[in-house]
Amino acid sequence: MRLLSTLLCMAVLLALVPGCGGRRGPGSATPETEHRDPTDRAELLGTRRVDFKADHDTITVGAHDGTFEALRIDVEGSALEMWDVKITYGNGEKHSPATRLIFGENSWSRRIDLPGGNRVIKRIEFVYKSRNARTGKATVKVYGIH
């Protein structure tokens with residue numbers, strides 16, 4: 001009886017604990033409304049539909065989008081691996097954060113802080129490969145965090 005009571009308590013506690021990590025299920029919050037840090041204001045900088053025929057892509061941003069202190073990358077539709085992320089700032093300076101990102105289907109990256117405070121971003125280049133080519137195309141979304 002004590003074992004049953006303990007298992008029941010554990011099940012109730014697990015049901016009350018929110019999910020952790022970078023996955024969304026059906027009906028959960030969208031990246032635009034989801035708050036990882038209540039002080040972050042995320043803005044969609046660009047979207048690319050990747051079909052795994054190409055192995056690199058570029059998202060052009062521009063000064064009209066404002067300045068950002070960090071980035072976050074979301075991947076929807078299929079699993080993919082991304083590396084060699086290169087950020088070109090408005091003044092021509094380039095930055096490649098030391099990172100290799102592995103995305104499951106419908107997941108997102110950690111916050112990628114930009115050095116030097118708020119920066120104008122000119123473009124973001126990334127190299128990727130499919131983790132499962134049979135699942136089709138993926139959509140990559142890059143968010144700037146003010």
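All of the numbers you see were taken from the coordinates with simple rules; none came from a lab. Every value quoted in this text rests on a predicted model; they were computed, and no experiment measured them. Because the Cβ atoms are built from the backbone with ideal geometry, glycine has one as well, and the counts that use them run over all protein chains shown.
Contour minus end-to-end for residue 100 and residue 44, with contour as 0.36 nm per residue of separation and end-to-end as the Cα-Cα distance?
So the chain would gain 18.0 nm between residue 100 and residue 44.
How far is it, in nm, from the label point at residue 93 to the one at residue 118 when both lie 7 Å from their Cα along the line to the Cβ?
Going by the 7 Å Cα→Cβ label model, 1.6 nm.
Ordered by residue, what ³J(HN,Hα) values in Hz, to whole numbers, does the range 72-79 give under the Karplus form 6.51 cos²θ - 1.76 cosθ + 1.60, where θ = phi - 60° and Gly and Pro are x?
9, 10, 10, 10, 10, x, 6, 6
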